Every structure is written in C-alpha cells, then in structure tokens.
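To keep things clear, I will list the structure first and then write my remarks on it.
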Amino acid sequence: MDARDAARLAGRIGGTALKAKLIGIASVVFVLFLLVVGLFGAGIGGKAMADSCGDAGLPGVDTGGTGPGGGQGPPAKLREEQLANAKIIDTVAIEGRLSGRATLVALMTALQESTLINRRDGHLDSVGLFQQRPSAGWGTVEQIMDPEYSSRMFFFGGDDGSPRGLTDISGWALMEPGNAAQAVQVSAHPELYAGHEVTARQIADQAGIDLARTGSLTNPEDENDAIDNLPGDVVDDGPQGPEDCYPGSTAPGGTPGQPGEPFHDGEAAWPVQVKNPRSTADAIAWARQEARTGGRDWYRLCLAFVARTYGWSYSGVNYAIDHYKQMPANMKNDLARNPPPGALMYWDTGQRAGHVAIYLGNGEIASNDIKRPGYIDVVPATDIESKWGAKYLGWAPPYFPKGG
C-alpha cells in the first residue's frame, strides 16, 4: 500500500489463535473504565455520524451503495463481491471475539484500500482487501489474497507484534474509526479512511452485520479487550434540527433556503479569471446533449463531467469537495440557492469526494448517477438533497485554474 512504514520488521502469522496482549495493569484498566463512563455520561462518546443531517448520498469517486432514493449504486456484481468480503471480515472479527466497531474499522479500511475487492494489482507489492505488502511482513502473496487470512492479519497482526494489527493499537476502540484504520495502515493519506464510514455502515446493513455488537472480555488486565467491550456504535447526539445541519449563509445578498426548497436563477457575471475552452451557453448545450445521447461513462465522475462540459480534459483536482474549498473566497456563494445558469453547484455527501453538478437554469442540473448509474440526466437540483440526502454547500463560477 502507499507509504507503508519501511522500518517495520518482517513478521509472520503462526496460526489463528488470539494472542494475549498484556499491556497494562488492572489500575490502568480501571482508569480507562472511568474515562469511558465519563464519556458516556457526558454524551460525547464519539463523532456525530456523517449522516446525522440525513442519509448522505454517495456520488463522486466513491463505490458505495444506493442512496435513500435508490438513485444510484455500483454494478450488481461489484456489490455482491463487496458484501461477500464484508461477511468474511465480520466472521473473522466474531471468531476473534471483537466488537462490531472492529468490523466497522476494517470495512472502512478495505473500502479505501481496495474498494472492498480482493485485488492483486495494488501499489508496489500491495495486494488483497487491505493492500498488505509481503515485503512488510504481512505474509506471502497467496496468503494475503485469502480474505480470511488478510482480515485476521488486519485485526491481530503478526504473532510477534510486527506488523501491528488493530488489536495491537492501544485504545483503538476509543479512537475515531478512521484514525484507528490509519494506526494500522500507516498511509500517506490518513484523512481518506473517515470518508468511507457511511458506505461501510450501508454495506454492513445490507450484509446483515451487527456493528453494535460488543466484544468479549478475555482478560481483566488486557487494555484492548476492556476497551473492546464498548458498544460498536458510539456516537453523540448529533444535530438536533435543520438549523444545526444548515447554519447561516455567508453568501452575499440573501438568506439561504432550507433543504428541499427550489433553486432559482440568479444573475452574476463570471469574474475575469474564469476562462474556459467552451462558453457557458455551449457548455449547457453540451451537458444537455450528453444527457440525451451519452453512454454509460460517468459513474462516480462528477467533477470530470463538469470539467469536460466546459471543454477541459481534466479538472486538475481529485475531489469535487476540494474543488469548492479551493475556490477563491470571492467566488464561493455558500448555501445561496440562486445560481446563474452555467454555475457549478456543490454538495457534501458525507463521503470524501462530495458532489458537483452544472446548473442548467429553471431549477435543473445535469448530474451523473442520480437516475441511472453512469449516465447523465437532467433533474431538479433538489434531487441531490431529497434523493441522496446530501448537504448543499453552495455554488461557484465554472473556474478551473488547474484544468488541462
């Protein structure tokens, strides 16, 4: 996988039995217990779920499942393989007496590393669900390509503690799931794991996996086992109402509407920096034509689509949400529901990628995946909220400073 710690010593797994990991004394466990009780008593047991403001959709480059409206999803064969692998991961966790939270961390990790597909073509010598490297001591290629073996290695690591598995990470169950994943994987991009939590929970639900399952205490002096008895779904109370999910707008000239309210055409000239190979009128016409005749080429490629709409071969940015964040401040119209035709509209989906679409006017957008996975369709802009449950961020001019 990317940027695995080169200093790790080679380790070998010698069987399927759990290792005793005595890393503390009873007094430490007691202190931890008091800490946990305090966290629950205060109602701040962990981060609010990304879908606390409604079940987030999964556009962009994610490979997650269908949104609440059933508007999108991966190919059936891909989802079947993801579900099968998720069940294997959970079976290994159950056999190891680990909580559903451990399964959640593993699913999030595998979604980031391999899209939960048993891949042999990873970075450098990385293979398998978790893109584990033979050169870093995770086993042979043949071993790692066995989902049961690779899952056991992810959870328990090598018998001598190298490489480290999840249960080798002190206090892993009190960490944010994405941080726990990073502690095992040591990735060059630690921020990416957290973006897969919603998808991981959806896959678990489809696979019949109980993420609220508690683990079994095997040794009173084993810190990891003690922590592992936390409930598998530790979240806070989250937002209490729409006003918490959708704070006041910083957009000039008006008050934002609430989710689901219609979008209206605004009037705004593009700043002089906005120069594209294709004009706004031609871009809108191209997007409509792609919706009428385009093939199934746009699955999870929202940012690529809007860049192509304006005549660019590529946007120069990996994720839609980053494209919005990197917009100059004077171009961002946060939460404003009056985009001019041709504007780019952005949504926070609870996933790393986010979503972007081109506004066509009269409350409509051209968007990939909303009706048919991989295709472009013209739909009401409100569909991204009502069908995918995504949070509208705002609009910006079609500015591609890194486009090419």
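The values are calculated or read from the model by the stated rules, or taken from the named source; none is laboratory data. All values derive from a computational prediction rather than experimental measurement. Methodologically, a virtual Cβ is constructed for each residue, glycine included, from the backbone with ideal geometry; neighbour enumeration extends over all protein chains shown. Calculation scope for accessible area: heavy atoms of the full protein, side chains included, ligands and nucleic acids excluded. Shrake-Rupley method; radii C 1.70, N 1.55, O 1.52, S 1.80 Å.
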Fill in the blank from the handout: The answer for residue 160, listing residues at least 5 apart or on another chain whose modeled amide H is closer than 5 Å to its amide H, is 12
Handout entry: Set 275/325; 325/391; 77/371; 87/371; 275/391 screened for pairs whose C-alpha atoms are more than 21 Å apart
Key = 87/371; 275/391
Practice task
Scan around residue 355 for amide H atoms under 5 Å from its own, H built in the peptide plane at 1.01 Å from N, and keep only partners 5 or more places away or cross-chain.
Solution key: 321, 347, 349
Exercise for the section: Treat each spin label as a single point 7 Å out from the Cα along the C-beta direction, and report the residue 402 to residue 176 distance in nm. Expected result: 2.1 nm
Fill in the blank from the handout: A 1.4 Å probe over the protein heavy atoms gives region 138-206 a carbon and sulfur accessible-area percentage of 51 percent
Handout entry: Cα-based convex hull volume of region 100-221 per residue, rounded to whole Å³
Key = 109 Å³
Exercise for the section: Could you tell me the accessible area of residue 293 in Å² (1.4 Å probe, neighbours in place), rounded to the nearest ten? Expected result: 90 Å²
Practice task
Please work out how much accessible surface residue 298 shows to a 1.4 Å probe, ignoring ligands, DNA and RNA, in Å² rounded to 10.
Solution key: 20 Å²
Exercise for the section: Calculate, in whole percent, how much of the Cα-Cα pair population of region 338-404 lies beyond 21 Å. Expected result: 19 percent
Exercise for the section: Work out how much length residue 205 to residue 293 would gain on full extension: take 0.36 nm times their residue separation and subtract the Cα-Cα distance, in nm to one decimal. Expected result: 28.1 nm
Exercise for the section: Would you calculate the separation in nanometres between label points at residue 148 and residue 313, each defined as 7 Å from the Cα along the Cα-to-beta-carbon direction? Expected result: 4.8 nm
Handout entry: Cα-Cα separations in region 79-168 greater than 23 Å, expressed as whole percent
Key = 12 percent
